[in-house]
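> After the structure tokens below, expect a handful of questions from me.
The values are calculated or read from the model by the stated rules, or taken from the named source; none is laboratory data. All figures in this text were calculated on a predicted structure; none of them were measured in a lab. Cβ placement follows ideal geometry from the backbone for every residue including glycine, while neighbour counts extend to all protein chains displayed. The protein model used for the area step is the full one, side chains on, heavy atoms only, and it has no ligands, DNA or RNA in it. Shrake-Rupley method; radii C 1.70, N 1.55, O 1.52, S 1.80 Å.
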Amino acid sequence: MIYGMMAAAYGILIGVQSAFCAQITQAYGNWFSSVIVHLGGFLVLTPLFFTKWGRKQGSAPWYLYLGGTLGFVNVLFSNYGIVSLGITNSNALMFLGEIVFAAGLDSLGALGSRKRKITPMKWAAIAIVVAGVLAIPLLSGGNMAAFAFLAVAASLMRGVITVVFRQLNGQLGLRCGTGFSTYLNYVTGLAAAVLAFCLLGFPMEASFPAAEIPVWAYLCGVFGCCGIFLCNLASPRLSVLTMSLVGFLCQTGTGMVFDLLWGRLSVPTVVGCAIVTVGMVVNLLAESKESR
């Protein structure tokens, strides 16, 4: 029961992080927002680095240390997609990109994944998710142009990067410890965010602090960091199906709440997201069946 609650809290915290990041992005722009996200996680995890949990416990190939830089790119795509499309729509596209790319990765056995064929059940899951994503603009009046191309591409790439990011961090965690992997993710992500911010000439669309941004929105990185910590605690003690499904549903539900508060939630979005949820369940059942 307690670990199921942790999985639910993980999904909620990631959803809250996305919403607060979107607020900061709208005020300051994407580059400063990415610095805030990684800085929050870095500050929370730094004290833990000096404990046994955060110390390096082995060695790993150099490329496994690049997970944090991908996390930085993922934050940029996430902020852009959410600001343009809303949290719910962007998340639906992200899950589509994640399922399709993960299936392709498994079929090749790349990045440390076990080589597996794409089963008919997997194809069915992909088809359902595609139908759900397409239902949103079609039910909105058939105006596909309403989904800006760059925002759609950014949201799809979130899913692709999430899969690669998860594989790299997972492999690093196995070799050097979960705590070290989590901390290094924020160290390299923050370094990449600060470097990009400096090289671009400190681009900010508003002076700091912006009056319209609530203080708690700056804690977006802390929310995400705490969510990842709970995920690391709960995932070894729950089935993959339970962990993924609870996290997905809570993240999606949190996104819908914020979209409703911001006046961006529509009936087509709810219907499309419900179809995507069915596809996600089918995909998770397929993965559970394969693991057995």
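> In region 79-96, how many residues are open to solvent by 10 Å² or more (accessible area, probe 1.4 Å) and within 16 Å of PHE248 (Cα to Cα)? Outline the logic, then answer.
Residues of region 79-96 open to solvent by 10 Å² or more (accessible area, probe 1.4 Å): 80, 83-85, 89, 94-96.
Narrowing the set further to residues that are within 16 Å of PHE248 (Cα to Cα) leaves 89, 94-96.
Summing the residues that are open to solvent by 10 Å² or more (accessible area, probe 1.4 Å) and within 16 Å of PHE248 (Cα to Cα) in region 79-96 gives 4.
> Does GLY224 satisfy the condition of being within 16 Å of the chain's Cα centre (by Cα), modelled with pLDDT of 80 or more and open to solvent by less than 50 Å² (accessible area, probe 1.4 Å)? Spell out the reasoning first.
Numbers: within 16 Å of the chain's Cα centre (by Cα): yes; modelled with pLDDT of 80 or more: yes; open to solvent by less than 50 Å² (accessible area, probe 1.4 Å): yes.
Yes: the conditions hold for GLY224.
> For region 11-24, give me each residue that is closer than 16 Å to GLY71 by Cβ and either at pLDDT below 85 or open to solvent by less than 30 Å² (accessible area, probe 1.4 Å) (or both).
Passing the criteria: ILE14, SER18, CYS21.
> Which condition number does GLY170 fail, the rest of (1) under 20 Å from the mean Cα position of the chain (by Cα); (2) at pLDDT 80 or above; (3) closer than 25 Å to VAL187 by Cβ being met?
For GLY170, the exception is condition (2).
> While we're looking at this one, here's another question. Please name all residue pairs, on different chains or six or more residues apart, with Cβ atoms under 8 Å, provided the first residue is in region 147-165 and is in contact (Cβ under 8 Å) with a residue 12 or more places away in the chain and part of a loop (DSSP other than H, G, I, E, B) and the second residue is open to solvent by less than 30 Å² (accessible area, probe 1.4 Å) and not polar (S, T, N, Q).
Matching pairs, first to second residue: PHE147/LEU85; PHE147/ILE136; PHE147/PRO137; ALA148/LEU85.
> Testing TRP31 on (1) closer than 21 Å to VAL215 by Cα; (2) open to solvent by less than 30 Å² (accessible area, probe 1.4 Å); (3) within 19 Å of the chain's Cα centre (by Cα), one condition comes back false. Which one is that?
The one condition TRP31 does not meet is (2).
> Moving on to the next point. Identify, from the list LEU230, LEU265, the residue that is in contact with an Asp or Glu (Cβ under 6 Å, 6 or more places away or on another chain) and either modelled with pLDDT under 80 or under 24 Å from GLY71 (Cβ atoms) (or both).
Going through LEU230, LEU265 in turn, just one is in contact with an Asp or Glu (Cβ under 6 Å, 6 or more places away or on another chain) and either modelled with pLDDT under 80 or under 24 Å from GLY71 (Cβ atoms) (or both): LEU265.
> Let me ask something additional. Being touching a helix residue (DSSP H, G or I) at 6+ places or on another chain (Cβ under 6 Å) and touching a residue at least 40 places away in the same chain (Cβ under 8 Å) narrows it down to one residue among TYR3, TYR28; which is it?
TYR3
> Out of curiosity, is LEU76 surrounded by fewer than 24 Cβ atoms within 10 Å (Cβ to Cβ) and over 14 Å from PHE258 (Cβ atoms)?
Spelling it out, LEU76 is indeed surrounded by fewer than 24 Cβ atoms within 10 Å (Cβ to Cβ) and over 14 Å from PHE258 (Cβ atoms).
> Please enumerate the residues belonging to region 49-65 that are surrounded by fewer than 19 Cβ atoms within 10 Å (Cβ to Cβ) and of a type in the set (A, V, I, L, M, F, W, C).
Of everything in region 49-65, those that are surrounded by fewer than 19 Cβ atoms within 10 Å (Cβ to Cβ) and of a type in the set (A, V, I, L, M, F, W, C) turn out to be PHE49, PHE50, TRP53, ALA60, TRP62.
> Testing THR242 on (1) at pLDDT 80 or above; (2) in a helix (DSSP H, G or I); (3) among the β-branched types (Val, Ile, Thr), one condition comes back false. Which one is that?
(1)
> Out of GLY97, GLY67, GLY81, report the one residue that is part of a helix (DSSP H, G or I), in contact with a Lys or Arg (Cβ under 9 Å, 6 or more places away or on another chain) and closer than 15 Å to ILE24 by Cα.
Exactly one of GLY97, GLY67, GLY81 is part of a helix (DSSP H, G or I), in contact with a Lys or Arg (Cβ under 9 Å, 6 or more places away or on another chain) and closer than 15 Å to ILE24 by Cα, namely GLY81.
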